[in-house]
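To keep things clear, I will list the structure first and then write my remarks on it.
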Amino acid sequence: MGISNTNMILILSFFVILSHIPTLLAASNQQEESYKEQFNWRDIFNPEITVKITNKMSRGEKIAVHCQSKDDDLGTRRLYPGQIYQWKFREHVLDGTRFWCHITWREKSAQFDAWKSGERNNCIKKCFYQATNSRIIGPYNYFFDIFWS
């Protein structure tokens, strides 16, 4: 009595499936490690804040952006249209955090608080600003409007 073709196919299929188990387990572990890297318990109580300033000038106009806090001077960056200046930080829980920026364009300039503890009306975890030829546009396009001086 020999093995039928159907049984032979089932046995081969079983071994093929067994041979793929280590690969499937490795992929599952990689996904789990990736999740662990993305999740941070600190985010529950003190989330990471992102500030982004984009040059939206027309005609190839570049701007100079200088931002700092009382503890960190982020330096001056020159941005061409479409370029982004971005940084991330966690708020100082006891002392508060304030980042202010000074942007110059030609002979004009504008200053503003990009983030200030206690002023949640401007943004929550992401503060995006756009420098245009007429003004600096803040989060959500309406909470913030600074004109060049």
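Per this entry, G60 is counted among residues that are out of contact with any strand residue (DSSP E or B) (no Cβ under 8 Å at 6 or more places or on another chain), under 21 Å from N133 (Cβ atoms) and assigned to a loop (DSSP other than H, G, I, E, B).
Specify the residue that is surrounded by the fewest Cβ atoms within 10 Å (Cβ to Cβ); the eligible residues are those in segment 74-118 that are free of Cβ contacts under 8 Å to residues at least 12 places away in the same chain and more than 30 Å from W41 (Cβ to Cβ). Break it down stepwise before answering.
Taking segment 74-118 as the starting set, the residues that turn out to be free of Cβ contacts under 8 Å to residues at least 12 places away in the same chain are 75, 94-95, 107.
If we keep only those that are more than 30 Å from W41 (Cβ to Cβ) as well, we get 75, 107.
Details: G75: 10, E107: 6.
Filtering first and then ranking leaves E107.
All conditions in (1) touching a strand residue (DSSP E or B) at 6+ places or on another chain (Cβ under 7 Å); (2) of a type in the set (A, V, I, L, M, F, W, C); (3) modelled with pLDDT under 90; (4) open to solvent by 50 Å² or more (accessible area, probe 1.4 Å) hold for I124, with the sole exception of (1).
The values are calculated or read from the model by the stated rules, or taken from the named source; none is laboratory data. If you're wondering where the values come from, they're calculated on a predicted model, not measured in any experiment. Cβ sites come from the backbone with ideal geometry, for glycine too, and all protein chains shown count toward neighbours. Areas reflect the complete protein model, heavy atoms only, side chains present, ligands, DNA and RNA absent. Shrake-Rupley method; radii C 1.70, N 1.55, O 1.52, S 1.80 Å.
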